[in-house]
Amino acid sequence: MQTKKNKLNNFSLKFPSLGRNEGFARGIVSAFVLPLDPTVEELNDLKAAVSEAVTNAIVHAYPNEAGTIEMSGSATDSDAGYIIEIRVKDKGVGIADISQAMSPLYTSGGEDRAGLGFTVMESFTDKLRVRSVVGKGTVVTMTKTISGKQ
Amino acid sequence: MPVNIVSKGDYVAAALTGELDHHNLIPIRQEIDTAVSIALPKVLLLDFGDVTFMDSSGVGLILGRMKLLKSIGGTVALSGAEGYAGKVIRLAGLAGLILKEENENANEEKQA
């Protein structure tokens, strides 16, 4: 069988790092993925992963004043299903020690933060990539293949 | 109303509804903590039956309430975690807090 890879669709948008935009970002991802007919679980996994990435940007990247969050996504057709890639980018404080930030239960967010944001992103997607420069910002890229109707 | 709280005797039951994220949980947490500080219950029951979405912020809510209840000699129990909230709760290693058999969930399969 020949390997086919067709880019089906993509989006890019910017919004301020306000708490209410956690739900907005999930809504965007839902609207983007729903036409590809994901399972309920695939959709919820993507929504949760995006929710974590955007919440991190709101809570950690811009702790004092609101900044801009850039979110982009693409859908690619492949033999295995639809490959969904979502990228969440901020120009905030950055992460000094990425492996520490990604280790389960670690949090710098004070009380009532579970320290599981990256764990959820890692568990609920197929691939997670984090690039960060202190003082410059952070880019989180998540990839998940969904079965969809073939 | 994102949370419905009932205080009765030794317990406080909080039925959570809708999408539980960091933003939506801020007023919910406040309402629960107020109810707990008034009732000083032995058990705080958090019900996720009407939760349509939850990320790790919901786990943060549970961990924070466990700490609060411990400080007044109480415990936290979870119910209604059959849906997506349960997946996040299990990922966090908190499945042990889920009530196994509930009167409200007569249909739930009994674990041998």
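The values are calculated or read from the model by the stated rules, or taken from the named source; none is laboratory data. These numbers were taken from a predicted model, which means no experiment stands behind them. Note: ideal-geometry Cβ built from the backbone for every residue, glycine included; neighbour counts use all protein chains shown. Side chains included, ligands, DNA and RNA excluded: accessible areas come from the protein's heavy atoms. Shrake-Rupley method; radii C 1.70, N 1.55, O 1.52, S 1.80 Å.
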Student exercise, the protein assembly as shown dipole from Lys, Arg, Asp, Glu Cβ charges, in Debye to nearest 20: 800 debye
Rounded to whole Å and ordered largest first, report the semi-axes of the equivalent ellipsoid of chain A derived from its Cα gyration tensor (root of 5λ). 27, 16, 14
Taking Cα atoms of the protein assembly as shown, Rg/Rh with Kirkwood Rh, to two decimals? 1.00
Beta bridge orientation in the protein assembly as shown: antiparallel %, DSSP, nearest 5: 75 percent
Cleavage-rule hits, trypsin sites (Lys or Arg not before Pro), the stretch A:54-112, DSSP coil, Cβ neighbours within 10 Å at most 13: none
For B:19-29, what's the mean count of beta carbons from other chains sitting within 10 Å of each residue's beta carbon? 5
Round to the nearest 10 and give me the degree value, 0 to 90, for the angle of helix A:21-33's Cα axis relative to the longest principal axis of chain A. 10 degrees
Considering only the stretch B:3-111, percent of DSSP beta bridges that pair antiparallel, nearest 5: 30 percent
List the accessible area buried at the contact between B and A, summed over both sides and calculated with a 1.4 Å probe, in Å² to the nearest 100. 1800 Å²
Out of the total accessible area of chain A (probe 1.4 Å, heavy atoms of protein only), what percent is carbon and sulfur? 49 percent
Take the alpha carbon atoms of the stretch B:3-111, find their radius of gyration, then divide it by 2.2 N^0.38 Å using N residues; give the quotient. 0.99
Evaluate peptide B:35-42: per residue, the Cβ atoms of other protein chains within 10 Å of its Cβ; return the mean as an integer. 0
For the stretch B:12-18, take each phi angle, set θ = phi - 60°, evaluate the Karplus expression 6.51 cos²θ - 1.76 cosθ + 1.60, and give the result in whole Hz per residue in order, putting x for glycine and proline. 10, 10, 10, 8, 8, 9, x
